[in-house]
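Since every read-out is calculated from the coordinates, none of them should be taken as a lab result. The structure presented is a predicted model; accordingly, all values stated were derived computationally and were not measured. No Cβ is skipped: glycine too gets one built from the backbone with ideal geometry, and neighbour counts run over all protein chains shown.
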Amino acid sequence: MPAPLVLVDGSSYLYRAFHALPPLSTRDGRPVGAIRGVISMLNKLADSTGAERMVVVFDASGKTFRDDMYPKYKANREKMPDELRAQIEPLHAIIQALGFPLIVVPGVEADDVIGTLAKRAEAHGESVLISTGDKDFAQLVTDKVTLVNTMSDTTMTPIGVKEKFGVPPSSIIDFLALTGDSVDNVPGIPKCGPKTAAKWLNAHGTLDDVVANAGTIAGKIGDTFREHMHVLPLSRALVTIKTDCDLPVGLGDLARSTPDNEKLTILYMELELNQFLRQLSNARSDNLQTSIKPGSVEVSYELVNTLQRLEFWVSQCRNSTTFALDTETTSLVARTADLVGISLAYRAGKACYIPVSHVEGDQLDVKVVLNLVASLLDDSSLTMVGHNLKYDLTVLESVGLKPSCAVADTMLMSYVLDAASGRHDMDSVARRILAIDTISYEDVCGKGAKQIGFAEVTLDQAFQYASEDADITLRLYEIFNERLEREQSLRSIYQDLELPVMFVLRDMENHGALLDIEILQTQSQILGTRLKELESEAQKFVGRPFNLASTKQLQEILFGELKLPVIKKTPKGAPSTNEEALQELALDYPLPKLLLEHRGLSKLKGTYTDKLPQDCDPADGRVRTSFHQAVTSTGRLSSSDPNLQNIP
């Protein structure tokens with residue numbers, strides 16, 4: 001049986017999502033809660049129906065023919081909240097990027113567009129599914145047209161309409177005219193509820209028949225009916241869904257197109273819709289992995305310790321025009337690391353390792369190696385590929401090598417293409433994209449207190465590990481580069497934004513930030529004095545000494561002795577003393593206020609005024625951090641060792 005044409009009441013979705021879901025916003029305050037709700041419902045509907053044609057229809061801004069008919073139409077409705085209005089444009093952009101046809105027709109409502117499409121499809125013998133929460137659509141239900149409510153997971157057929165409203169779909173317009181609609185300000189018969197309307201229609205037939213028999217309706221409700229029945233023609237016209245609109249599209253224009261993953265990635269990142277970003281990234285990774293056969297590449301790695309073989313590898317890299325390079329060093333901190341060796345790869349599965357300063361083993365003179373490698377890096381016709389290239393460039397510059405060839409960074413490529421798919425270190429990306437478990441650093445150097453430096457690793461172990469790094473990097477490049485060729489907007493983000501920023505961050509890391517250590521030390525003393533005063537005040541308030549940093553003691557004092565209200569509990573059921581709970585308690589009680597100030601100043605002293613001077617390079621008084629460009633799924637930077645982005 002062919003899938004039905006699915007018509008979505010986008011305006012209904014929008015309002016229901018806005019009012020039903022908690023408010024959500026981005027870090028800069030942009031509201032996104034309704035967007036998230038609508039997209040979730042659309043994805044769920046698309047998955048459950050399997051429809052190839054699914055159209056989303058929204059109300060256009062401005063007046064419609066119903067306003068001309070009755071100026072007070074919808075006059076009772078409040079103005080659309082600004083936080084909802086701000087979500088309409090990005091929501092429309094996402095819907096279109098998902099490939100769903102989006103229709104907005106001025107002068108009519110979304111109901112009328114949906115009604116017109118439904119009747120056209122039905123006339124062609126097609127089944128139609130209308131997704132809405134609006135009761136007015138019950139008038140369109142037939143054996144071919146069904147309503148579905150995604151919020152309640154219910155459907156409505158002709159039988160369902162009869163069960164819900166007490167009248168069949170053919171009587172719904174008359175039913176709605178009698179009851180009126182306070183939300184849309186449609187006049188009806190006062191005090192005529194659904195049961196009364198159904199009773200009259202079942203007794204007399206149509207609305208015209210009810211009017212014709214108005215004199216037989218007894219009681220006060222009869223008097224009310226006769227007094228107000230003059231409004232019924234207007235009410236009936238207002239609630240009737242127009243099914244003959246002039247539309248800019250036909251039934252043949254409603255197929256869903258291929259989603260624009262480039263645009264979706266940008267929109268999801270801008271709006272910090274990380275759930276959708278992860279789903280998109282996982283789908284992309286799954287698609288990639290279907291074309292990859294683990295172990296299908298023939299691997300040949302070599303330990304290079306003769307000039308002849310080094311010249312061979314350099315020649316092969318030059319001939320290939322694109323090669324991968326990876327450095328092995330003595331430290332994770334690039335600016336303090338000493339070079340131990342260099343690995344190269346010129347083709348998938350073809351890689352080598354050139355040791356220069358291992359403790360043991362035959363190795364070429366480092367100057368000879370650097371001179372030959374420099375011939376590659378100085379060739380502007382070549383492209384050097386690295387993974388976390390910022391690190392390798394810093395190491396290479398420390399030994400006098402400054403590449404003038406083109407460069408590429410597979411870590412940044414992975415980040416641009418699949419920001420929310422997980423970690424972007426080489427081991428994680430290789431596992432996710434190539435289905436390969438790489439040799440880990442701990443495999444060759446050990447763990448914990450017994451871990452050795454890479455210079456102490458035997459050459460037999462080192463060359464397999466290091467060669468694999470270059471090989472995997474080149475394989476990832478080939479896949480990512482092909483994808484970026486297909487998705488030019490993402491290539492622009494990578495080429496014009498992320499890659500240039502990488503060089504800026506490298507320079508910032510190397511330059512560092514100058515600290516005035518004397519001022520920090522003075523501030524630390526001031527903070528220390530204030531912390532002692534707070535401890536004294538808190539202990540005086542309680543009447544005995546206690547540890548202000550002890551959660552257990554605070555629970556006993558706040559909730560056991562002082563009987564303060566429990567604002568929230570820990571996962572184990574104990575009263576919480578976290579910052580959120582203390583902030584609320586501090587509004588009414590003095591001790592939590594003291595505790596909050598003590599916590600804030602203690603963190604300030606321990607993390608910054610005491611710690612930052614210890615992180616300074618004594619040679620120039622500068623503190624240097626490591627910036628992480630490919631960590632957060634939203635595109636923002638992070639830093640560590642020390643974290644300079646959270647300094648108050």
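Below are the figures for this structure:
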{"quantity": "For the chain, with +1 on Lys and Arg beta carbons and -1 on Asp and Glu, the positive-most of Leu45, Cys317, Pro642 along the dipole", "calculated": "Leu45"}
{"quantity": "Length gained when the stretch Asn371-Gln488 is fully extended (0.36 nm per residue, less Cα-Cα span)", "calculated": "38.4 nm"}
{"quantity": "Förster-model FRET efficiency, 51 Å R0, Thr632 and Lys450, C-beta, rounded to 0.05", "calculated": "0.90"}
{"quantity": "Among Gln495, His511, His424 the positive-end extreme of the charge dipole of segment 288-512 (Cβ point charges)", "calculated": "Gln495"}
{"quantity": "³J(HN,Hα), Karplus 6.51/-1.76/1.60, whole Hz, each residue of segment 87-104, x for Gly, Pro", "calculated": "8, 5, 4, x, 5, 4, 4, 5, 4, 5, 5, 6, x, 7, x, 10, 10, 9"}
{"quantity": "Part-to-part distance (alpha-carbon centres) for segment 201-245 and segment 357-401, which is given in Å", "calculated": "88"}
{"quantity": "Dipole of the chain [Lys/Arg +1, Asp/Glu -1 at C-beta], most positive-end residue of Ala138, Asn388, Ala619", "calculated": "Ala138"}
{"quantity": "Calculated FRET efficiency for the pair Arg77/Leu332, C-beta based, R₀ 60 Å, to 0.05", "calculated": "0.50"}
{"quantity": "Separation of the Val501 and Thr306 label points, Cα + 7 Å toward Cβ, nm", "calculated": "4.8"}
{"quantity": "Part-to-part distance (alpha-carbon centres) for segment 586-648 and segment 1-77, which is given in Å", "calculated": "43"}
{"quantity": "Amide H contacts under 5 Å for Thr383, placed H, 5+ residues apart", "calculated": "Thr322, Phe323"}
{"quantity": "Per-bin percent of Cα-Cα distances, segment 49-169 [10 Å]", "calculated": "11, 36, 37, 16, 0"}
{"quantity": "Net +/- balance of residues flanking Ala3 in space, Cβ distance below 13 Å, scoring K and R +1, D and E -1", "calculated": "-1"}
{"quantity": "Two-decimal Rg to Rh for segment 288-512 - Kirkwood Rh, Cα set", "calculated": "0.94"}
{"quantity": "Local electrostatic count, Leu644, Cβ distance below 12 Å [Lys/Arg +1, Asp/Glu -1]", "calculated": "0"}
{"quantity": "In segment 1-149, lysine pairs with alpha-carbon atoms under 21 angstrom apart (chain gap of 8 or more, or interchain)", "calculated": "8"}
{"quantity": "Anchor Lys532: aspartates and glutamates whose Cα lies under 18 Å away (excluding residues fewer than 8 positions away in-chain)", "calculated": "Glu597, Asp610"}
{"quantity": "Estimated dipole of segment 5-253 in Debye, rounded to 20 [Cβ of Lys and Arg +1, of Asp and Glu -1, Cα centre]", "calculated": "600"}
{"quantity": "Helix-only CD estimate at 222 nm, as mean residue ellipticity for the chain, using -39500 (n - 2.57) per DSSP H run (n ≥ 4)", "calculated": "-14000 deg cm²/dmol"}
{"quantity": "Among (i) 1.35; (ii) 1.43; (iii) 0.98, the entry that matches Cα Rg over 2.2 N^0.38 Å as calculated here", "calculated": "(i)"}
{"quantity": "Contour minus Cα-Cα distance for Met69 and Thr258 (0.36 nm per residue)", "calculated": "63.9 nm"}
{"quantity": "For segment 517-623, size of Cβ-based charge dipole, Lys and Arg +1, Asp and Glu -1, in debye", "calculated": "420"}
{"quantity": "Virtual spin-label span in nm between Lys569 and Ala86, 7 Å along Cα→Cβ", "calculated": "3.7"}
{"quantity": "Long-range amide H partners of Tyr70 with built H, under 5 Å", "calculated": "none"}
{"quantity": "Under 10 Å, Cβ to Cβ, from Leu303 - net charge with Lys/Arg +1 and Asp/Glu -1", "calculated": "-2"}
{"quantity": "Hits among lysines - C-alpha to C-alpha of Lys611 under 17 Å, sequence gap 8 or more where chains match", "calculated": "Lys603"}
{"quantity": "Peptide ranges 421-429, 522-530, 321-329 listed from the most packed, as the mean C-beta count within 10 angstrom indicates", "calculated": "321-329, 421-429, 522-530"}
{"quantity": "Candidate lysines for bridging to Lys367, where Cα separation is under 16 Å - those fewer than 8 sequence places away on the same chain excluded", "calculated": "Lys402"}
{"quantity": "Cα-centre dipole for segment 423-551 with unit charges at Cβ (Lys and Arg positive, Asp and Glu negative), debye to 20", "calculated": "740"}
